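First the structure, in the form of structure tokens, and then the observations on it.
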Amino acid sequence: MTAHFARQPVRQIAYFVPDIEAAAMAHVRTFGSGPYYIAEHIPLSLCRYRGQPAELDHSSAYGQWGEVMVEFVQQNNPGPSVFHDIYPDGGQGMHHVALIVDDMQAEMARFEAAGHATALYAEVQPGAGFAMMDCVATLGHFVELYEPTPILLGVYDLVRSAAQDFDGRDPIRSFTLG
């Protein structure tokens, strides 16, 4: 698996938090990252947790920190999820890194063959999916996979371009996914 990461740059570091706006503001103050684009209650057209249909209501804040995107994510509904797998009692901390891959199904199969189960597969729109591979036992976090769709690349471009001239003003901005 280590050789796999050498070929795939980490594009995002994500943290699970109870309040995405407070976490984003703290990161702006501490590290000068941002601005952060907040998507509330991200709609999912498909959600499978550990192979079973599931409900996941989550919100995320996306900002740029140097060469990497930072995501803060909160779960808005109770119940099992990849977030509660690591933080079952309301804790917070690093949750996953994200990789953009050319063929998500092939990468999922490769992770699974290495003993890392697909813990979550979800789609924001049909065909715009993401997978969370369970690498907690070996890496201490999940690895998120997604393909370079126009929607995904548009979000990355928006966040990166806004960071180029970010002067600390207007650090929280809203936008819609889905």
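Summary table below
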{"quantity": "Selection from the stretch 140-158 of residues that are under 30 Å from His116 (Cα atoms), in a helix (DSSP H, G or I) and touching a residue at least 40 places away in the same chain (Cβ under 8 Å)", "calculated": "Leu152, Val155, Tyr156"}
{"quantity": "Selected residue (criterion: nearest to Asp165 (Cα to Cα)) from residues of the stretch 55-69 that are among the hydrophobic types (A, V, I, L, M, F, W, C) and surrounded by fewer than 18 Cβ atoms within 10 Å (Cβ to Cβ)", "calculated": "Trp65"}
{"quantity": "Flag for Arg11 being within 17 Å of the chain's Cα centre (by Cα), farther than 15 Å from Gln75 by Cβ and of a type in the set (D, E, K, R)", "calculated": "yes"}
{"quantity": "Tally, over the stretch 1-24, of residues that are modelled with pLDDT under 90, under 23 Å from Ala61 (Cα atoms) and either touching a Pro at 6+ places or on another chain (Cβ under 8 Å) or of a type in the set (A, V, I, L, M, F, W, C) (or both)", "calculated": "0"}
{"quantity": "Subset of the stretch 114-172 [of a type in the set (Asp, Glu) and closer than 19 Å to Val73 by Cβ]", "calculated": "Glu123, Asp134, Glu144"}
{"quantity": "2 or more residues closer than 19 Å to Thr118 by Cα: qualifying strands (runs of 3 or more DSSP E) within the stretch 10-59", "calculated": "12-16, 46-49"}
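For every residue, the table says whether it meets (1) buried (at least 18 other Cβ atoms within 10 Å of the Cβ); (2) in a helix (DSSP H, G or I).
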position: Glu71; (1), (2): yes, no
position: His84; (1), (2): no, yes
position: Pro88; (1), (2): no, no
position: Leu99; (1), (2): yes, no
position: Asp102; (1), (2): no, no
position: Gly115; (1), (2): no, no
position: Ala122; (1), (2): yes, no
position: Met132; (1), (2): yes, no
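The values are calculated or read from the model by the stated rules, or taken from the named source; none is laboratory data. Everything numeric in this text was worked out from a predicted model, so none of it was measured. Positions of Cβ are generated from backbone atoms using ideal geometry, with glycine treated the same way; all protein chains shown enter the neighbour counts.
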